[in-house]
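To start, the structure itself, in structure tokens.
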């Protein structure tokens, strides 16, 4: 498996972004809190910068104002000539690209930690682009070891050949934290505390790396996107049913061919017609209705992640 | 000959409202389904009309467009002169009042069921506006008995200042149905199946009543609103604390003085003051952040209804 280069310098410019979706409240409240009291974000070798990514959507307690900010960090949007008619999130993406990027440049931030919630029963989910990102895989592994009680799962969102579009892609590296279930517009104490503890553990990992800790190779398990499934629809495109009770809340559990996935309003069951077992995630996520997604199918991968070498160069062998 | 039951007129016109809040999806999709295929809500001799009350908010999957539809059915708003400057929901309230009211008139619908969801862990809830309504107490008793062992709670919003002008209040017998927990913008099959059963039992009750069945005296336990509690806030008015983990999801459970209520963002616990045990409801409801309501305190009491029977037809 080919791996991406790992950092050879300490990570000093780190950002924690909340409110990328304005109604996902754990990150909104953490970012607001840290903007006033940033103590949690300080480590000996760096201080992470809190960012309220979509302030207009946050003020309105909506996912976005004009379009999904977290799908807007593509070259096309970031480099097109600015116009007063641009959607709010396109303008905001350019501002964030100035602040945290520019994307794919040497001046970009070293790392972005992006905070999200889902209405799906995803528990603690760590979102990385792909399995080749050795540094991110080590960070995820570190969280799994530090927080065994959370059963952190790793979700790999990037499909082959797809351009990165999420906020973390502006920095040299990054991951997303996705905690659920939590309704949009609701702040639950349990998820708020868990998110806060996870951010602390992420910053601790970066600190360990900056201090010269090496991390050994390991066998990783992750869930990689393989497709999406829409709700049953009427001829007008309206919902004709919803997620079956036997699938609801079963994120990351195996879904086998022939198992019920939807219940129509007429009372019929719709069965899964795929040919192989998949692992559904983001089951019944509120924000994905408009995207035509009832759940995302993943396949479960196991793969080897090479060691993350220490920043301090090992003494050269004596000639 | 003296009669010990209250004789009432048979019920003729029933409406089922969904989408009064456009992002509470159970009512939205049940009503849409019944508009296409209403077999399951039809009962002999009864007119049952489903309606999407706030179609614009449903289309945008938002609670409302300009203001909360479920707070504007007061006589002042209903009597305003029609103008383009009126909030969309006030105009819509006037239309609904013409079709299903007018409020407080002989012509109004007999029963209106208004279907809602909450993000709070309230289970199946029936909302009662008037503690002396024998017919609805009997209906709620019937629904509770039919749903058992699934719990079904009754929330009484009778209060000199906290009662609000609901969409259903144009009917002679207004019934609020509230099922949770369900995030806004999400449609859960389990919640849908529960709400569907509540409507089935309610319509069966009306049918039995119209057929002349006598319902003997009964009693139900209800939770009556006492006061609303806001989140602790900082000097700028921003929320400074979350519902405490011990209170989260504990709707209807006793909350004693000294029990934790909030957890501040810097980690301090805030306890319940006062000297009486209360029963919290609408704990951490998403839509109530803007109404400055973290939860409502209720007190538990028993309501009795006399025997009822419809006048023979």
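The values are calculated or read from the model by the stated rules, or taken from the named source; none is laboratory data. Please read all numbers here as calculations on a predicted model, not as lab measurements. Here the Cβ is made from the backbone with ideal geometry for all residues, glycine too, and neighbour counts use every protein chain on show.
Summary table
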read-out	value
Some residue of the range B:252-267 being more than 9 Å from every other protein chain (Cβ to nearest Cβ), closer than 29 Å to residue B:63 by Cα and touching a residue at least 40 places away in the same chain (Cβ under 8 Å)	yes
Among (1) under 17 Å from the mean Cα position of the chain (by Cα); (2) closer than 18 Å to residue B:53 by Cα; (3) within 14 Å of chain A (Cβ to nearest Cβ) - the single one residue B:185 does not satisfy	(1)
The range A:94-121, residues that are within 14 Å of chain B (Cβ to nearest Cβ) and either modelled with pLDDT under 95 or surrounded by fewer than 24 Cβ atoms within 10 Å (Cβ to Cβ) (or both)	A:121
Breaking point among (1) away from chain B (no Cβ under 13 Å); (2) more than 30 Å from residue A:44 (Cβ to Cβ); (3) assigned to a strand (DSSP E or B), for residue A:257	(3)
Residues satisfying the stated conditions in the range A:37-63, i.e. within 11 Å of chain B (Cβ to nearest Cβ) and either within 26 Å of residue A:208 (Cα to Cα) or assigned to a loop (DSSP other than H, G, I, E, B) (or both)	A:37, A:39, A:40, A:61, A:62, A:63
Residue within the range A:161-170 that is buried (at least 20 other Cβ atoms within 10 Å of the Cβ) and more than 30 Å from residue B:62 (Cα to Cα) present	yes
Unique match (being within 19 Å of residue B:303 (Cα to Cα) and either within 13 Å of another protein chain (Cβ to nearest Cβ) or under 16 Å from the mean Cα position of the chain (by Cα) (or both)) among B:131, B:169, B:120, B:146	B:131
Filtered residues of the range A:276-295 (kept if surrounded by 16 or more Cβ atoms within 10 Å (Cβ to Cβ) and either within 9 Å of chain B (Cβ to nearest Cβ) or outside any loop (DSSP other than H, G, I, E, B) (or both))	A:278, A:279, A:280, A:281, A:284, A:285, A:286, A:287, A:288, A:289, A:295
Any hit, the range A:209-218, residues being within 10 Å of chain B (Cβ to nearest Cβ), at pLDDT 95 or above and surrounded by fewer than 23 Cβ atoms within 10 Å (Cβ to Cβ)	no
Test: residue in the range A:296-312 that is surrounded by fewer than 21 Cβ atoms within 10 Å (Cβ to Cβ), touching a residue at least 12 places away in the same chain (Cβ under 8 Å) and within 9 Å of chain B (Cβ to nearest Cβ)	no
Selected residue [within 23 Å of residue B:193 (Cα to Cα) and in contact (Cβ under 8 Å) with a residue 12 or more places away in the chain] from A:241, A:274, A:212, A:227	A:241
Enumerated strands (runs of 3 or more DSSP E) restricted to the range B:259-313, each holding at least 3 residues that are surrounded by 15 or more Cβ atoms within 10 Å (Cβ to Cβ)	B:260-264, B:279-281, B:295-305, B:307-310
Selection within the range A:18-35 - touching a strand residue (DSSP E or B) at 6+ places or on another chain (Cβ under 8 Å) and within 17 Å of residue A:62 (Cβ to Cβ)	A:18, A:19, A:20, A:21, A:24, A:25, A:26, A:27, A:28, A:29, A:31, A:32
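Table: residues versus (1) more than 9 Å from chain A (Cβ to nearest Cβ); (2) farther than 20 Å from residue B:117 by Cα; (3) modelled with pLDDT of 95 or more; (4) in contact with a helix residue (DSSP H, G or I) (Cβ under 6 Å, 6 or more places away or on another chain).
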position: B:200; (1), (2), (3), (4): yes, no, yes, no
position: B:218; (1), (2), (3), (4): yes, yes, yes, yes
position: B:222; (1), (2), (3), (4): yes, no, yes, no
position: B:225; (1), (2), (3), (4): yes, no, yes, no
position: B:230; (1), (2), (3), (4): yes, yes, yes, no
position: B:235; (1), (2), (3), (4): yes, yes, no, no
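Quick grid of which residues meet (1) part of a loop (DSSP other than H, G, I, E, B); (2) at pLDDT 95 or above; (3) closer than 30 Å to residue B:22 by Cβ:
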{"residue": "A:253", "(1), (2), (3)": "yes, yes, no"}
{"residue": "A:262", "(1), (2), (3)": "no, yes, yes"}
{"residue": "A:274", "(1), (2), (3)": "yes, no, no"}
{"residue": "A:312", "(1), (2), (3)": "yes, no, no"}
{"residue": "A:315", "(1), (2), (3)": "yes, no, no"}
